[in-house]
Each structure stands twice: as C-alpha cells, then as structure tokens.
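The values are calculated or read from the model by the stated rules, or taken from the named source; none is laboratory data. Keep in mind it's a predicted model, so treat the numbers as computed, not measured. With ideal geometry, Cβ positions are generated from the backbone for all residues, glycine too; neighbour counts draw on all protein chains shown. Protein only, heavy atoms only, side chains kept; ligands, DNA and RNA dropped before computing areas. Shrake-Rupley method; radii C 1.70, N 1.55, O 1.52, S 1.80 Å.
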Amino acid sequence: MNATSTASDASGALMLYRENGQFKTSYAADQQLLPIAQDRWFMVALIAFCFFAVPLIASDYVLRALVIPFLILTIAAIGLNILVGYCGQISLGSAGFMGVGAYVAYNLTVRVPQLNFLVVLLLSGGSAALVGIAFGTPSLRIKGLYLAVATLAAQFFLDWAFARLPWFTADSPSGSVSTNPIELLGWRVERPVDKYLLVLGLLCLLTLAGKNLSRSHIGRSWMATRDMDVAAEVIGVRPIVAKLSAFAVSSFYAGVAGALWGFIHLGSWEPAAFSVTMSLNLLFMIIIGGLGSMVGSFFGAAFFVLLPLLLNRIPGMLGIDLSTAMKSHMEAMIFGGLIVIFLAIEPHGLARLWAIGKEKLRIWPFPH
C-alpha cells in the first residue's frame with residue numbers, strides 16, 4: 001500500500017506538467033511565447049530568482065568570473081544563432097563584429113563622453129550591423145564553405161584594422177585601451193552586482209526581441225531561406241532582404257555583446273581579445289547548444305563557461321597534482337573530445353535533449 005501511494009504521489013507530481021484543461025480561445029493565446037501555464041510560471045520564477053536571489057547569494061568572484069561572461073556570451077551566441085541557425089548562413093567572423101562594437105563604444109565614450117551608455121550600446125550595435133551588412137553581401141552569391149571562408153576573411157581584415165588603424169585605439173601608442181566606469185542615469189555601474197544586473201536586464205530584452213523576430217514574417221523568411229533558398233524565392237521571399245537582415249541583426253547582437261565584453265568584463269583589452277578563436281568558440285557554442293534555438297544559445301554558453309572550470313578542478317578533487325601547463329593541455333584535449341563525442345551522440349544539441357525531456361515529462365508514464 002505504501003509503495004502504491006508513493007508511486008501515485010510521484011505520478012501526480014509529474015502530472016503537474018500537463019496542459020490538460022488549458023484551452024486557447026483566441027489567436028493571441030494560441031501564439032504566445034509560452035503557451036503552457038507551467039512554463040510561464042517557471043519563467044517568472046526563474047527571472048525573479050536571477051534578479052533578486054542571485055545578487056544576494058553569489059560572491060563577487062562568481063559574478064565576475066562566471067556569471068557575467070556567461071550572460072555576455074549568451075547575447076553573442078543568440079546573434080550568431082539567428083544568422084547560422086535560423087537563416088543558415090555560416091559565419092566565422094562574429095568576434096570581429098564584437099570588436100567593432102567594443103571599439104566604437106570606446107571611441108564614443110572618449111570623444112563624446114556626455115552620451116548615455118545605453119545610446120552608446122545602440123550606436124555600437126548599429127555600427128556593427130552596418131559592417132555586418134557590408135561583409136554579408138557575398139552571401140547573395142555564395143553559400144556554405146565559400147561563405148564561411150568569406151566571413152573568415154572579414155575576421156582577419158578586422159583584426160588587422162584594430163591593430164593598425166590608430167582611430168580604433170584613439171591613437172594609443174601601445175595598441176591597448178582602458179575604459180572608465182560606466183555611469184547610467186546617475187547609477188555608477190562599478191560593483192560586480194551592478195554589472196550583473198545591467199547585463200542581465202539587457203539579455204532579457206534582447207532574448208525577447210530575438211524570439212519575437214524569429215516568430216515574425218522576417219523570421220519565417222530566414223527559415224525558408226535556410227531550408228531551401230530557391231523554393232523560398234519562388235514563393236515570394238526576397239533572398240537579399242532575408243540574408244542581409246539576418247547579417248544585420250546578428251551583427252547588432254555581436255556589437256552589443258562586444259561593447260559589454262570590453263566595458264563590463266575586460267575593462268581593458270588589446271586587438272587579440274577579439275580573435276578568430278573567439279569566433280570559433282561562438283560557433284561551437286550554438287552547435288553544442290542547438291542550432292535554431294534560443295534556449296540552445298543559453299545552454300551552449302553555459303557549456304563553454306562551466307565545463308573548462310570543472311575540467312580544471314577535477315584533477316585536484318581526485319588528488320592528482322598536475323602542473324599548470326599540463327592542466328591547460330588536458331583541458332583542451334578533454335574539452336575537444338567531449339565536443340566530438342557529444343556531436344556524434346546528439347547532433348541537434350543540448351536544446352534537443354531539453355525538448356525530449358519536456359516531452360517525456362508531459363506524457364509520463366505512458367510510452368513515447
């Protein structure tokens with residue numbers, strides 16, 4: 001009897017995640033972002049926890065070294081996912097567009113110090129969007145590996161420009177730049193918790209905007225172009241608008257993320273801070289997290305921020321004394337191996353595993 005009661009209680013707990021009795025009586029209700037009420041409650045609780053609980057329980061080190069980089073990389077990953085996952089245009093130049101945003105923001109704060117930082121972010125993202133459109137023009141004639149090479153050339157060109165053109169560094173002889181603390185409407189964003197709240201608020205707004213864009217007319221044109229560009233053009237989708245708008249939106253997100261990376265996370269940087277390695281890492285993030293998925297961008301960024309930390313600490317937890325160089329080499333080998341193994345087991349990313357888990361939870365204990 002006790003075993004039956006326990007099983008019944010467990011079944012009842014899992015049955016809480018069901019949409020039984022939740023009827024949609026309008027198109028607006030049917031098309032809302034989170035149609036299941038339990039998902040809406042979970043999202044409200046998660047956002048409230050992030051805004052109110054995390055600042056109280058997280059240390060300055062955790063915020064500065066883990067949480068803030070994760071949030072900023074998620075913004076960049078969302079932008080790249082819009083281009084690669086939703087529109088199907090491969091890009092290896094995302095870090096270059098992040099660098100454009102960072103250097104434009106730096107020059108705006110130096111040359112026009114009275115500008116509000118939110119305006120600086122918008123102008124930085126807009127500048128990166130213009131550069132993205134310029135370098136995305138080859139996508140109108142080429143695609144696949146050839147487009148990847150073209151965007152890689154854009155990355156190398158921007159790396160050269162950051163290091164050789166003195167305007168970007170405001171004529172700094174060393175080539176490195178340093179930023180001043182941010183002031184936003186009288187709010188001095190200097191403590192780690194203040195930086196965290198600013199980045200978290202921007203991430204929430206940009207995630208909502210990206211999700212709505214992907215569900216809009218322009219988002220459907222991106223996905224039609226990704227699935228079969230010739231058929232999309234036949235049914236009325238304009239490839240020039242779809243592809244260049246995807247490059248513009250993706251580069252805008254990258255520019256905002258680059259400005260935040262420079263001002264919030266780094267504080268001072270050199271041109272090597274936005275190298276091709278970061279571009280590759282961003283691409284791996286969305287592949288691991290899940291292409292064409294907003295939640296996949298979060299999973300991919302968390303994977304890249306947390307896994308190296310865990311791999312670096314595991315030898316010490318097991319009592320194995322390794323040198324710093326050996327830890328670095330082992331981390332790179334294990335990290336690369338895990339990426340290959342994961343892609344072989346689940347090529348659709350962590351977002352697919354998340355979706356499968358939710359689907360199984362909705363119909364448990366019945367067979368899938």
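Taken one residue at a time, the phi angles of region 248-258 give Karplus couplings (6.51, -1.76, 1.60, θ = phi - 60°) of 5, 5, 4, 5, 4, 4, 5, x, 5, 4, x Hz. Gly and Pro are set to x. Accessible surface calculations at 1.4 Å, restricted to protein heavy atoms, place the chain at 52 Å² per residue. By a 1.4 Å probe calculation restricted to protein chains, Ser251 has an accessible surface near 0 Å², given to the nearest 10. Amide H contacts under 5 Å for Trp269: Val177, restricted to partners 5 or more places along the chain or on a different chain, H placed in the peptide plane at 1.01 Å from N. Here r is the Cβ-Cβ distance between Val110 and Arg238 and R0 is 56 Å; the resulting FRET efficiency, rounded to 0.05, is 0.90.
Extension gain for the segment Lys211 to Arg188, taken as residue separation times 0.36 nm less the Cα-Cα distance, is 5.2 nm to one decimal. Here is how the number arises for the chain: DSSP H runs of 4 or more residues each give -39500 (n - 2.57), the sum is divided by the residue count, and the result at 222 nm is -21500 deg cm²/dmol.
The charge dipole of the chain, taken about the Cα centre with unit charges on the Cβ atoms of Lys, Arg (+1) and Asp, Glu (-1), comes to about 540 debye, rounded to the nearest 20. Taking label points 7 Å from Cα along the Cα-to-Cβ direction, Ser268 and Ser26 give a separation of 5.6 nm. For region 140-147, putting each phi into the Karplus relation 6.51 cos²θ - 1.76 cosθ + 1.60 with θ = phi - 60° gives couplings of 6, 10, 10, 7, x, 4, 5, 5 Hz, in residue order, rounded to whole numbers and with x for Gly and Pro.
Note on the chain: dipole from Cβ charges, positive end direction compared against Pro55, Ala351, Asn312; the farthest Cα belongs to Ala351. Taking the alpha-carbon centroid of each part, what is the distance from region 38-60 to region 140-154 in angstrom? A separation of 40 Å, based on Cα centres. Sorting the segments 25-32, 145-152 by their residues' average number of neighbouring beta-carbon atoms within 10 angstrom, most packed first, yields 145-152, 25-32. Compare the Cα positions of Leu73, Val44, Ser94 along the charge dipole of region 19-170 (+1 at Cβ of Lys, Arg; -1 at Cβ of Asp, Glu; about the Cα centre) and return the one farthest towards the positive end. Farthest along the dipole direction, towards plus: Ser94. Remark: the Ala58-Arg141 segment gains 25.0 nm on full extension, using 0.36 nm per residue and subtracting the alpha carbon distance. Label separation (Val276 vs Leu322): 2.7 nm, computed from points 7 Å beyond Cα along the C-beta direction. For the pair region 267-330 / region 19-36, the C-alpha centres are spaced 38 Å from each other. If you run the Gaussian network model on the chain, springs between alpha carbon atoms under 10 Å, then out of Ile68, Ile345, Ile287 the most flexible one is Ile345.
Derived scalar couplings between HN and Hα for region 339-354 equal 4, 5, 4, 5, 5, 6, 7, 9, x, 8, x, 5, 4, 5, 4, 4 Hz in order, rounded to whole Hz, by the Karplus curve 6.51 cos²θ - 1.76 cosθ + 1.60 (θ = phi - 60°), x for Gly and Pro. Once the mean of 1/r is taken over each pair of separate Cα atoms and inverted, region 172-262 shows a Kirkwood hydrodynamic radius of 16.0 Å. Just the protein heavy atoms count here, and of the accessible area of the chain at 1.4 Å, carbon and sulfur take up 68 percent.
Length gained on full extension, Leu353 to Ile339, computed as 0.36 nm times the residue gap minus the Cα-Cα distance: 3.5 nm. Under a 5 Å amide H cut-off, with hydrogens placed 1.01 Å from N, Leu184 pairs with Val189 among residues at least 5 apart or on other chains.
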